[in-house]
Amino acid sequence: MHSNNKSIKKNGLLLFCMAMMLIVAGCSKKKFDRRGWDDGDGISWPNRNGMLDDLLATHKLKGMKYKEVINLLRYPQWNSYTDRSFKYEINCKMDRLDTVYAKYLVLYLNKDSVVNDVKVIEQDNADKLAEKHKKENAKK
């Protein structure tokens with residue numbers, strides 16, 4: 001009987017921990033909202049990372065015209081005329097002037113200004129920056 005109570009307590013604790021993890025994970029996910037997407041100070045947008053999955057699941061960006069995307073997401077942070085792409089910053093972590101981590105939503109246009117590809121690109125420069133700082137410190 002004694003070992004049975006321990007087993008019940010362990011299972012109860014395990015279920016509680018799993019429920020808490022699901023609640024915490026669910027808090028970071030948000031429904032896409034145009035106003036919330038554009039909330040920010042021009043340097044960071046705190047809602048975008050949580051809204052990205054819902055945006056991609058509920059809005060068919062591929063096939064939209066450039067102006068339709070702008071009406072939905074507002075103006076992007078970068079436009080590239082060489083490869084007809086534009087991107088929205090989702091998340092960025094800096095170390096002084098260096099970008100440690102960045103995540104972007106990149107949309108590519110065809111010659112008729114219609115989105116023909118959508119990618120989420122993540123850049124993790126933590127290892128490169130650690131090596132850079134190591135070299136700088138070795139010189140001192």
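The values are calculated or read from the model by the stated rules, or taken from the named source; none is laboratory data. Here the structure is a predicted model, which is why all the values come from computation and not from measurement. Methodologically, a virtual Cβ is constructed for each residue, glycine included, from the backbone with ideal geometry; neighbour enumeration extends over all protein chains shown.
Structure data summary
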{"read-out": "Helices (runs of 4 or more DSSP H) within segment 1-72 that include 1 or more residues within 16 Å of V106 (Cα to Cα) and modelled with pLDDT of 60 or more", "value": "34-38, 48-58"}
{"read-out": "Segment 90-138, subset of a type in the set (S, T, Y) and modelled with pLDDT of 90 or more, residue nearest to M51 (Cα to Cα)", "value": "Y104"}
{"read-out": "Of all residues making up segment 122-140, the number that are outside any strand (DSSP E or B) and touching a residue at least 24 places away in the same chain (Cβ under 8 Å)", "value": "4"}
